[in-house]
Every structure is written in C-alpha cells, then in structure tokens.
Amino acid sequence: MATRLKEVDAVLVGVGLVGTMLGRELTKAGLKVVGLERGNAQFTVPDFQGPHMHDELRYSVRKAFMQDNTKEAMTFRNNVNQVALPIRRWESFLPGTGLGGAAVHWNGQTYRFQDDEFKIRSHTEQRYGKGFIDPELTVQDWGVTAADLEPYYDRFEYLLGTSGQAGNVKGQKIAGGNPFEDPRSRPYPTPPMKEPYGAAIFRKAAASLGYHPFPQPSSNLSQPYTNPEGLTLQACMFCGYCERYGCEHYAKSSPQTILLPVLLKDKNFTLRTQSQVLRINLAQDKKTATGVTYVDAAGHEFEQPAKLVILCSFALNNVRMMLLSGIGQPYDPKTGQGVVGRNYAYQTMSAVQVFFDESVNINPFMRSGANGTLIADFVGDNFDHGPHKFIGGAYFGELMTNGRPIEFHPTPPGTPAWGARWKEAVVRHYNHTSVLNVHGSSMASRNNYLDLDPTYKDAWDQPLLRITFDFPANDLRMSAYVTDKALAVGKAMGGRQVVGAGRKGPYTVTQYQTTHNTGGTVMGLDRKTSVVNRYLQSWDVPNLFVIGASNFPQNATYNPTDTVGALAYMAAEAIVNRYLKAPGQALVQA
C-alpha cells in the first residue's frame, strides 16, 4: 500500500529541461513544488568531468545517459499488420534519463520554427489549394504563431546564452544571418561560434549557387556569458564531446549550467531522484488530478498529493503516462477518433559525404555540437512547392558534430566493411571528408501513432509504449528533392567524390537518425484533434499541464529544443498569471 505524503502545490513528473524551468517559475511564484526524477542526480562537477567523460564506449555506444531499457523499453513496428517487438538497444533515437534529462547530452542546436510551419494546413491550403495536402496526412495548425512565441523564444535564448547571427531584428534584415527567419526583438545574446574549415568551404560553395548560408545557432557558447539567473557559462573548447555527453567546461547550456544551481537552493523546491512515477491519480469525477503515485529506488510506493500536476518528461514518456493514467481518449487509427497518441512524428534525415584530396584538411575532431554553416532556402515554405507535390522541407549544411574515433569512419562506396583495406580507407579519408546533414520535417499521418503494447510490460508490470511508424510518401519525396540540392552544393565544394541519397523507407530503429520524437499529446484549438490547449493545459483535466515535444502537431524542419523552451515559458506564464487566480478552470473554453 502506498504511503501518502503531505500535499504540495505542484508536482513535476520529470526534472529535465522543462521540469527545471517550470520548477523555477512556480517556486518564484511562491508555490511548494516537488520534482520527481526517475534517474540519478548528476552535476557538472564531479559527474561530467574528464577523463571519464571522454569514454566513447560508455556514453556513445552503451548510452550511459539514456533510459534503462532493461527496465523500461518501448516496442516498435512499421504498421498495424506487424507484431511490435521491444527495442533492446537505443540506436535510432536517444531518450535521456537522470537529472537534466536529454538536455544534458544534446548538441545545443537552437533554432526557432518558422511562422508558416505553425500554420501549415491553413497556409498550405491558402497558397496551393485545398487538394494539395496528401489525404494521408493529418497535419494541423498549432494554435500559436511565431509572433505569439517570439517573447518566449527571446527569453529562452537569453537563459541559454545562445550564440548566433540574427537575420531579422524587428523586421530589418541583417546581412550574414538567416534571411528567412521571422522578426526577432533583439540579436542573439552572444556572437556566432567560430567557423570550421569544412563549414567555410560549404559557405562559399552555397553562396556561389545563389543560396544564403549563415552560422548555426548554438547553445555551446562562443564566449563567457552570465544569464538572467546570475549563472555564468564559459566559452566552448571544441573538444568534440557534446552529443551524448555532459559538458565538462560549463560551456553547453543545460539545466546544470543555466538553472539548477538556483532552483536547488530554493526552499520551496524539493528534488527526489530515483523516483519512478507510475500514474497520475484522478478524483472520482476523472476531471481533477489529485497527485501522482511513484516508487522509489528501494521499491517503496508513495502517493504524492498535489493541487497541480506538470507532466514534463521525454516526449514519448509524456504520452505513455497519459495512457497509463487513463486521461483522454486513446487514438484509434481505424476510425481516426481519439487524441492521445495521435500525430506521432519523427524527423526525415539524410546526408551527403564530400571526399576531398589529401591536401584539404577538415580536422573533424575539433568540433562542438553546433558550430557549422547551413542554408534555410529549402526550409518550410521558403520555396515553391507547387511543382513538387509535397509539403515541408529541410535545411542542410556542413554541421559535423564530432570526429570521435569509434563513431566516425568515412569511407567511399566500394570500400570493404572490414579488414586491412577498410582500415587503409579510414586513414586516407578521416581528415579529408566533410558531411552535409540534411535535416527534414516529418508530417503526421493517419497510420503513425503511439499506444500501449498489449504484450510487453516494464519492471513495474506496466504496459510498454508501442510505436507504430513509417515514413509518409510525402516525406520521402521531400527528402529526395532536398538531398539532390545538397549533392549539388557538395560538388561545388570541390570534392573528388560526392555521394548521398534521400531517405528511403522503411524506417528502422536500428540506425541512428535523430532523437527528435514529437506528437502524441498535441496542442491545438479543437479538443477533437488535440490533447492540450494552446497553454498546454489538458482539455480533460484542467489542473494537468503536459509540456514537451509531445505537443507538436507534426514536426517542423528545425531541431525542437528552442520551441520546447518557448512553449514551456508560455505555459508557465499562463499558469502563474492566469490559472492560479482561478485554479481548476480551463484557460481556453472548449
């Protein structure tokens, strides 16, 4: 039987980036907040320090910062005619765990979504006609615009200290930045990162073809910076250990460097790690959350009563918790009815390799997670989609994040997969190869969704999350088109050999592509097609807020973290300034 604890004002399910942000905002407002984190406590010192933090086998291959899938896996299938099987190794995507969550091991790539992507259905129908969108796709408008989110993007980027070159400040275009970006209220807080040699070659080649290259926005900082919370970050050392690693230099924005030292000193905040939340508890009317039930590391079960529940775990786990708790109608792909689990999306990735002569030294090792150069000419609706019969787009650029010895082995087609000739080819090409990443949108479709697996359970005897996903034909057409453009830029870079191809189906969980999972608890203006309203408040349980990439109705072109942060600040402001004045009330009438 669970031990019932003293009621608090708010409980956080997950203490990653969003949990830390909400914890800070709610405690500042005077609320007593408990944060429940299933993983361990971890800090820059001593946990992220060298030399052990440079253990590529431990962190890149064995995924030390990721969800323990011996206790809590997920199952996967491509379509409803297949039997889903458990994912026993994280390869395709990387669900983080532990204090700070996935924001500990992210790359720091910090982009704002474009306005047309927030209004994808209405914008597309207005520009191309109502029959243009493939009937298979269930894309929808978000219920917010880029202008709505601009103050929150701005606040989040200044919290992180993001380094970049603005392209549009208050409507004035600025040379060197992204000319397609929507107006921002002020420049980035810190200047752009230094440009690596391969990125410089890309910039010149892209410009020669009439495109508009700009430096990658980065939350690995270009110079020391003190954020509005009074915490100081240092300049990036280009050590090459960002993605899948914690930053030992205090140079990457993470909860440990931007908020946690302040939050943990607040007497209104209590952190409990190794606390696995089993469900959100509901009152008899099923319209009010009364708190959560969790199990600690010793196996003891507790009930934590709370007036307000904030669900802010990894996107996929947000969806699972809603399903386990019986909140909202689960999505049924046969009827198209239901909302929880609907509109799961991913990201559509491809790459182009440029093999140079040995006279061109790329030096891939001296990199950060975000210091390349890219173009946005094929992002969102920045080009005419009319002749191409797809929606969405991709950015691409020379955005290499590392040259670590176990993971980076560039070899041209025809090279044996092992043996002496493979080793010779790696030695020949390691320092003379650039990789162009093509990072594309992922459209929601009727047959891609999340639900509870009927067969497999976790260590606490609860059903695993089941993922049903394959690439929509729309996204494969988009990937083929934009990857051809990237191949043309690769050839203009002067490589001896340029290879690459658009993404091909079927989707597989055995190959890393990106960790950007979205959807399943999507936001919107209509409760028939969304789980939460524009303030991320549950339509069904008003004292429950669900926050994270699970709110995205479909996935946009760019990386999601900046938008997750902006939405979190918008939700926090709505809770503090509106919800707390009338607790239990819906902020948007259905």
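The values are calculated or read from the model by the stated rules, or taken from the named source; none is laboratory data. Since this is a predicted model, take the numbers as computed values, not measurements. Note that each Cβ is placed from the backbone with ideal geometry, even for glycine, and that neighbours are counted across all protein chains shown. Remember, those area values only see protein heavy atoms, side chains included, never the ligands or the DNA or RNA. Shrake-Rupley method; radii C 1.70, N 1.55, O 1.52, S 1.80 Å.
Remarks
- Filtered by the rule that a residue be outside any loop (DSSP other than H, G, I, E, B), surrounded by 24 or more Cβ atoms within 10 Å (Cβ to Cβ) and not β-branched (Val, Ile, Thr), the range 295-316 gives Gln304, Ala306, Leu308, Leu311, Ala315.
- Here His388 does not fit the description of being surrounded by fewer than 24 Cβ atoms within 10 Å (Cβ to Cβ) and either free of Cβ contacts under 8 Å to residues at least 60 places away in the same chain or not in a loop (DSSP other than H, G, I, E, B) (or both).
- Taken residue by residue, the range 39-56 has at least one member that is among the small types (Gly, Ala, Ser) and modelled with pLDDT under 95.
- Residues in the range 221-238 that are on the phi < 0 side of the Ramachandran plot, free of Cβ contacts under 8 Å to residues at least 40 places away in the same chain and not polar (S, T, N, Q): 4 in all.
- Filter result (polar (S, T, N, Q) and over 15 Å from Asp451 (Cβ atoms)) within the range 321-365: Gln347, Thr348, Ser350, Gln353, Ser359, Asn361, Asn363
- All positions within the range 527-547 that are within 19 Å of Glu117 (Cα to Cα), in contact (Cβ under 8 Å) with a residue 60 or more places away in the chain and open to solvent by 10 Å² or more (accessible area, probe 1.4 Å): Thr529, Arg534
- Qualifying residues in the range 180-196 (those that are out of contact with any Ser or Thr (no Cβ under 9 Å at 6 or more places or on another chain) and either of a type in the set (Ser, Thr, Tyr) or free of Cβ contacts under 8 Å to residues at least 40 places away in the same chain (or both)) - the one least open to solvent (accessible area, probe 1.4 Å): Ser185
- Residue match in the range 338-349 (condition: in contact with a Ser or Thr (Cβ under 6 Å, 6 or more places away or on another chain), under 30 Å from Ala480 (Cα atoms) and open to solvent by 10 Å² or more (accessible area, probe 1.4 Å)): yes
- Wholly within the range 68-183, helices (runs of 4 or more DSSP H) carrying at least 2 residues that are touching an Asp or Glu at 6+ places or on another chain (Cβ under 8 Å) and small (Gly, Ala, Ser): 146-160
- Consider the range 146-166 and keep the residues that are of a type in the set (S, T, N, Q) and over 21 Å from Val18 (Cβ atoms). The one that is nearest to the chain's Cα centre (by Cα) is Ser163.
- Summed over the range 271-288, residues that are in a loop (DSSP other than H, G, I, E, B) and open to solvent by less than 60 Å² (accessible area, probe 1.4 Å) total 4.
Residue-wise test of (1) open to solvent by 30 Å² or more (accessible area, probe 1.4 Å); (2) of a type in the set (D, E, K, R); (3) under 18 Å from Asp154 (Cβ atoms).
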{"site": "Ala206", "(1), (2), (3)": "no, no, no"}
{"site": "Leu209", "(1), (2), (3)": "yes, no, no"}
{"site": "His212", "(1), (2), (3)": "yes, no, no"}
{"site": "Pro217", "(1), (2), (3)": "no, no, yes"}
{"site": "Leu221", "(1), (2), (3)": "no, no, yes"}
{"site": "Pro224", "(1), (2), (3)": "yes, no, no"}
{"site": "Glu229", "(1), (2), (3)": "yes, yes, yes"}
{"site": "Gln234", "(1), (2), (3)": "yes, no, no"}
{"site": "Cys242", "(1), (2), (3)": "no, no, no"}
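- Pairs where the first residue, in the range 12-28, is farther than 16 Å from Gly291 by Cα and in a strand (DSSP E or B) and the second is modelled with pLDDT of 95 or more and open to solvent by less than 10 Å² (accessible area, probe 1.4 Å), C-beta under 7 Å, 6+ apart: none
- Sub-9 Å Cβ pairs linking a first residue in the range 345-365 that is within 30 Å of Thr521 (Cβ to Cβ) and acidic (Asp, Glu) to a second residue that is in a strand (DSSP E or B) and at pLDDT 95 or above, at least 6 apart or interchain, number zero.
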